[in-house]
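Student: Attaching a single structure in structure tokens format; questions to follow.
The values are calculated or read from the model by the stated rules, or taken from the named source; none is laboratory data. Note that the structure is a prediction, hence the values are computed from the model and not measured. Heads up, the Cβs are rebuilt from the backbone with ideal geometry, glycines too, and the neighbour counts pull from every protein chain shown. Quick note on the areas: whole protein, heavy atoms, side chains included, nothing else; ligands and nucleic acids left out. Shrake-Rupley method; radii C 1.70, N 1.55, O 1.52, S 1.80 Å.
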Amino acid sequence: MPCPEEKQSFMKTAIRLAKKAAGAVSPNPLVGAVLVKGSGIVATGYHHFYGGPHAEVYALKSAGNKARGADLYINLEPCCHQGKTPPCADALIMAGIRRVFIGMKDPNPLVSGKGIRKLAESGIAVEVGILEQECRQLNEVFVKYVQHKIPFVFLKIAASLDGKIATSRGDSKWITGDISRRFVHRLRSEVDAVLVGIGTVLSDDPLLTSRQYKGAHKNPCRVVVDSTLRIPLTSNLLNTAPEVKTIIATSQNAPQKRAEAVERRGAEILRVPSTGSGVDLKKLVKLLGARGIASLLIEGGSEISASALHDGIVDKLLFFYAPKIIGNKNAFSMVGGIGAHKIADAILIRDVTYKKMGGDLLVAGYV
């Protein structure tokens, strides 16, 4: 039996392999597989794209006859049902795998525990829970979406050290440095959709693409919350809407003629029930989930950030702080809205991490 350090080392390799497909497999999970004999790796594989072969299949094909009697390390429980691909548990049994070391149980009700049980009943020794926290974090998007059909929501804000996202005159380019911006462009390429409020569109006229990321290039679906359809027909978003999917989330009372003009520019109009302050974000994320959007990045202005936090739709915060002080009580703050009247009512953040991003600081945590 391999020692705990060996198990963790091989599982880390599986996790690194899985990460290669970030942004390409949604709404499926990221999965890497490592086949081992003795203390040596004989083959590896990972799930490359949605609808394609699973990680186990790539590893087994690469190993050939060497798979018989080998151990498998995999960050997620092998599937046991017929989906877009055949059950991986059956393939492992047929290949003569001796032992399977699994990072975490699959949260998908179609699989959860059944793949493990099938392997064990065939005589394969199974161990679950190796680097489970790391494996769960790797697939935090999948875990939420497969259980609730609602996207995992990131809230990203870039600010000065004194918490300002723009000057009193609305200038916000660029608060953070190149490394932070490239990180955000990479994140855009990995999520299914990015969302902004109409205020950001009117002030910044953004593209919201992943153009600065030089890896596997994928632009997210772009979502604008615009309850009265104020988006300019000449905006960058509408000018590029035919090439990059763009959704304008608006109220049910928004003018029909204006909606038709926006649609002619290539964007989709999505009418969402309203609250007193505009589009109901809780209902919006449910509608986006029904469209297969498993991950959503909110790039906040202060009001959309406040609404997202107030409505409880945010899962993870990504706050970038630049070594600058803007000042002025009228400059735009990170989070607007009414806010908490007492410190005891403030939103608590857990599992906080800190990372240097060039000259900037990224503070990340979970709501």
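Student: Quickly work out the residue 259-to-residue 110 label distance, labels modelled 7 Å from Cα along the C-beta direction, and quote it in nm with one decimal.
Tutor: Result: 3.4 nm between the two label points.
Student: With both partners inside the chain, how many of the DSSP beta bridges are antiparallel, as a percent to the nearest 5?
Tutor: Values: 26 of 64 bridges.
Beta bridges within the chain, antiparallel portion: roughly 40 percent.
Student: Tell me, what is the 1.4 Å probe accessible area of residue 135, in Å² to the nearest 10?
Tutor: Roughly 0 Å² of residue 135 is accessible to a 1.4 Å probe.
Student: Note down the accessible area of residue 106, probe 1.4 Å, to the nearest 10 Å².
Tutor: Result for residue 106: roughly 10 Å² accessible.
Student: Share of the chain's accessible area from carbon and sulfur, percent, 1.4 Å?
Tutor: On the way: 9260 of 17520 Å².
Result for the chain: 53 percent of the exposed heavy-atom area is carbon or sulfur.
Student: Still on this structure: Quick check: with the 1.4 Å probe, what order do 73, 321 take by accessible area, largest first?
Tutor: In descending accessible area the options line up as 321, 73.
Student: Rounded, prolate or oblate: which fits the range 5-119 when a ≥ b ≥ c are the square roots of the eigenvalues of the alpha-carbon gyration tensor, with rounded for a/c under 1.5 and prolate only if a/b beats b/c? Don't skip to the end; give the middle numbers.
Tutor: Details: a/c = 1.43, a/b = 1.22, b/c = 1.18.
Rounded.
Student: Leaving ligands, DNA and RNA out of it, work out the accessible area of residue 162 with a 1.4 Å probe and give it in Å² to the nearest 10.
Tutor: Counting only protein heavy atoms, the figure is 60 Å².
Student: Right, next: Which of the listed residues, 170, 122, 147, is farthest toward the dipole's positive end in the range 108-174, when Lys, Arg count +1 and Asp, Glu count -1 at the beta-carbon?
Tutor: Comparing the listed Cα positions along the dipole, 170 ranks first.
Student: Computed from these coordinates, which is Rg and Dmax of the Cα atoms in Å: (i) 20.0, 59; (ii) 22.9, 70; (iii) 20.4, 65?
Tutor: The value matching this structure is (ii).
Student: Which of rounded, prolate, oblate describes the range 69-172, given a ≥ b ≥ c as roots of the alpha-carbon gyration tensor eigenvalues and a/c under 1.5 marking rounded, otherwise prolate only if a/b is larger than b/c?
Tutor: Values: a/c = 4.10, a/b = 2.80, b/c = 1.47.
In terms of gyration-tensor shape, prolate.
Student: Residues of the range 1-153: accessible area per residue at 1.4 Å, in Å²?
Tutor: The answer is 45 Å² per residue.
Student: Kindly sort 319, 183 by accessible area of their heavy atoms, largest first, with the probe set to 1.4 Å. Walk me through the numbers before you get to the answer.
Tutor: Details: 319 35, 183 65 Å².
Largest accessible area first, the list is 183, 319.
Student: Could you state the accessible area per residue of the range 210-367 in Å², with a 1.4 Å probe and every protein chain left in place? Can you show the working numbers first?
Tutor: Working: 8390 Å² over 158 residues.
Counting only protein heavy atoms, the per-residue value for the range 210-367 is 53 Å².
Student: Residues with beta-carbon under 13 Å from that of residue 321, excluding residue 321: net charge, scoring Lys, Arg +1 and Asp, Glu -1?
Tutor: On the way: positive: 156, 164, 324, 355, 356; negative: 162, 360.
The answer is +3.
Student: Now for a separate question. Quick check on the range 1-57: take the gyration tensor over C-alpha atoms, sort the square-rooted eigenvalues as a ≥ b ≥ c, and tell me if it's rounded (a/c under 1.5), prolate or oblate. Working shown, then result.
Tutor: Numbers: a/c = 3.29, a/b = 2.11, b/c = 1.56.
In terms of gyration-tensor shape, prolate.
Student: Accessible area, 1.4 Å probe, largest first: how do 58, 366, 50, 354 sort?
Tutor: Details: 58 70, 366 30, 50 100, 354 160 Å².
Largest to smallest exposure gives the sequence 354, 50, 58, 366.
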